[in-house]
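A short write-up of the structure that comes next.
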Amino acid sequence: MSLILNIETSTKNCSVSLAENGEMLALKELNEGGYSHGEQLHLFIKDLLKDTNTTIDKIDAIAVSKGPGSYTGLRIGVSTAKGLCYSLDKPLISISTLTSLANAISVDEDAIIIPLLDARRMEVYSAVYDAKHNQIRSIKAEVITENSFSEYLNTNKVYFLGDGAQKCKSVIKSNNAIFLEGYFPSAKQMITLSYNKYKISDIEDVAYFEPFYLKDFMITPSKK
């Protein structure tokens, strides 16, 4: 048996799920347009345990979305996960944010899935997956142009999802481009991924694990 707590804070969605043997027991999340993870995350975990009549010591592992994504969001999620792992002496599992997002949809076998996370201005974090959710292109931070992803759009239907999809919709005009709304990284999609990693003991070194920021944190100077 495995009882895994999944934590997703890489975007504006603060999301926590509890799963047993790859099956969701409960999910709690809030996507209100702002970053409230610092206030909400620990409350969500507490509520989730209460709702499922579970105590924190019964958890077998903690999984966390490792990025890319918001610097602050990732830092809060990873710090919380590492703290729990240290105090409970439990393994830490990391899940790629873009892989989790790609797993939110099912498509025809010849289609392509491209999850996109907003990275300011016309830049996005992206990766490319086939219909079976196998990653076929590495994660990149890239500026979107009218020619972006043309090597896939020329031959396949391509599904774009995530908070960077609308940014692409204004630039990419291919008939093969399908832009999906309302999808964001969630602890719900982490469940199967974290369970599969748990079964093969694919875990992180808690002492040295850091979020996958992809880009250095940029501090905007005050206008005052």
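Things worth noting here:
- Our helix-only sum for the chain, with -39,500 (n - 2.57) per DSSP H run of n ≥ 4 divided by its residues, gives a mean residue ellipticity at 222 nm of -8000 deg cm²/dmol.
- Rounded Å value of the spacing that divides the Cα centres of region 74-134 and region 1-59: 16 Å
- Quarter the surface of the alpha carbon convex hull of the chain and you get the mean projected area, 13.3 square nanometres.
- Considering only the Cα atoms of region 42-101, their convex hull presents on average a projected area of 4.4 nm².
- Kirkwood hydrodynamic radius of region 105-179, Cα pairs, Å: 12.1 Å
- With each label modelled as a point 7 angstrom along the Cα→C-beta vector, the Val143-Lys58 pair spans 5.3 nm.
- Projecting the Cα atoms of Pro115, Tyr159, Ala141 onto the charge dipole of region 103-185, computed from C-beta unit charges around the Cα centre, puts Ala141 farthest toward the positive end.
- Most simply put, region 93-204 has about 60% antiparallel DSSP beta bridges, counting only bridges with both residues inside it.
- Span-like helix ranges in the chain, DSSP H, alpha carbon extent 15 angstrom or more, Kyte mean at least 0.0: 71-88
- Considering only the chain, percent of DSSP beta bridges that pair antiparallel, nearest 5: 60 percent
Every number in this text was worked out from the coordinates using simple rules, so none of it is lab data. Please read all numbers here as calculations on a predicted model, not as lab measurements. Using ideal geometry, Cβ is built from the backbone for each residue, glycine included, and neighbour counts are taken over all protein chains shown.
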